Amino acid sequence: MASKMHLVFLAFLSLISPFMVAQADPGYSYGYGFGWGSGSGNDYSSLSPYFYDFSCPQANNIIASVLENAVAQDPRMAASLLRLHFHDCFVQGCDASILLDDSAAFVSEKKAKPNLNSLRGFTVIDEIKARLEEACPETVSCADILALVARAASVLSGGPNWEVPLGRRDSKAANMLLANATIPPPILTAQKLIASFQQQGLDEVDLVALSGAHTIGVARCTSFKQRLYSQSGNSQPDLSLEKAYLNELKSVCPSSGGDNNITPLDYASPKAFDNTYYKLILGGRGLLFTDQQLYSGNYANLAQLVKSYAEDEGLFFDQFAKSMVKMGKISPLLGTNGEVRKYCRRPN
């Protein structure tokens, strides 16, 4: 199995993977990328999968080799790096603000409630950036690294591949307060989830497809303990939780203590990017309240999408790829806006 996955990943490196299921939409430029020498403003059409073809053609190989080694050492790292891209794009756009440490001018988004003691993978990004700076100084942005790493994490876990539109630049500041306000917490109802995604220009299809990233990774007890013991403040569990699963979770997360204990978001295939996540939701075994709300939140369109992805993994893969491309277009800094950081943790 490991050998087969390695071969798939080698195919990804050459960008001829049979999992290439989503292309950049017609709004993207298909011209060759010559770096940052032209253009200004936020013209999204200047994003192109070929942006670094001349200025840093080895970028994909460098990113993939570092990530493959990181995931071999820590299989959870794929999910952690995929999550970084989500948490970046939902706060002032896909600008790598999530990577910035505290400075005299701002508080890091890493200290926001959805991120504190939760986000991982920053040292992997540091290693990738250092390697890229050696090969192509001041060329590949941290924002584009996050987008490329998210795609590589999916492929390395057995999930879909897609062409990543490139050309984003990096912000010079972070916004911790905005991170608290815009990253959806795991307690939102279906209605509030829809509203949260709509604020980012994402629709219900994107919501259900992108939630499928929870097919890999883990969550801490603090993210879902309320469901187990007092969902509505009445000392009763969430009724949408299947009873046997509820008891299993209680054994991992006691009513007192254990907040940092972890359990897989998809216990049936926690390391494989597949559609089992949706199958579990159909049976009342979505780990987070927000996971289960996709099916049990009284929104027929969401529930039908969950059923469709549970029945057809190819359909899920196709839409996940398209929605990742769409999410990656949220308010990027382009042209002469922002900068290309030399070190992802601080502005130049």
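The values are calculated or read from the model by the stated rules, or taken from the named source; none is laboratory data. Quick caveat: nothing in here was measured; it's all calculated off a predicted structure. All Cβ positions, even for glycine, are placed from backbone atoms using ideal geometry, and neighbour counts span all protein chains on display. Note: areas computed on protein heavy atoms with side chains; ligands, DNA, RNA excluded. Shrake-Rupley method; radii C 1.70, N 1.55, O 1.52, S 1.80 Å.
Worth a mention:
- Being farther than 23 Å from SER323 by Cβ, open to solvent by less than 10 Å² (accessible area, probe 1.4 Å) and touching a strand residue (DSSP E or B) at 6+ places or on another chain (Cβ under 9 Å) is a property that holds for ALA59.
- Residues of region 236-270 classified as in a loop (DSSP other than H, G, I, E, B), within 25 Å of the chain's Cα centre (by Cα) and closer than 11 Å to THR222 by Cα, total: 3
- For region 276-348, the helices (runs of 4 or more DSSP H) that sit wholly inside it and include 3 or more residues that are more than 23 Å from PHE90 (Cα to Cα) and free of Cβ contacts under 8 Å to residues at least 12 places away in the same chain are 300-311.
- Verdict on SER141 being polar (S, T, N, Q) and either within 28 Å of ASP318 (Cβ to Cβ) or in contact with a Ser or Thr (Cβ under 8 Å, 6 or more places away or on another chain) (or both): yes
- Just one of the listed residues (ALA303, ALA310) is within 26 Å of SER223 (Cβ to Cβ), in contact with a Lys or Arg (Cβ under 6 Å, 6 or more places away or on another chain), of a type in the set (A, V, I, L, M, F, W, C) and modelled with pLDDT of 95 or more, namely ALA310.
- Region 81-113 - residue that is open to solvent by 10 Å² or more (accessible area, probe 1.4 Å) and part of a helix (DSSP H, G or I) and, of those, farthest from ALA153 (Cα to Cα): LYS111
- Meets criteria (closer than 22 Å to VAL66 by Cα, surrounded by fewer than 16 Cβ atoms within 10 Å (Cβ to Cβ), in contact (Cβ under 8 Å) with a residue 40 or more places away in the chain and not acidic (Asp, Glu)) for ALA147: no
- So THR189, is it hydroxyl-bearing (Ser, Thr, Tyr) and open to solvent by 40 Å² or more (accessible area, probe 1.4 Å): yes
Condition check ((1) in a helix (DSSP H, G or I); (2) under 15 Å from ARG341 (Cα atoms)) across all residues:
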site	(1), (2)
CYS56	no, no
ALA72	yes, no
ALA79	yes, no
ASN115	no, no
ALA130	yes, yes
GLU134	yes, yes
GLU138	no, yes
VAL149	yes, no
ALA153	yes, no
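- The residues in region 216-235 that are among the hydrophobic types (A, V, I, L, M, F, W, C), part of a helix (DSSP H, G or I) and open to solvent by 30 Å² or more (accessible area, probe 1.4 Å) can be counted, and the count is 0.
- Of all the criteria given as (1) closer than 23 Å to GLY314 by Cβ; (2) open to solvent by less than 20 Å² (accessible area, probe 1.4 Å), the one not satisfied by THR276 is (2).
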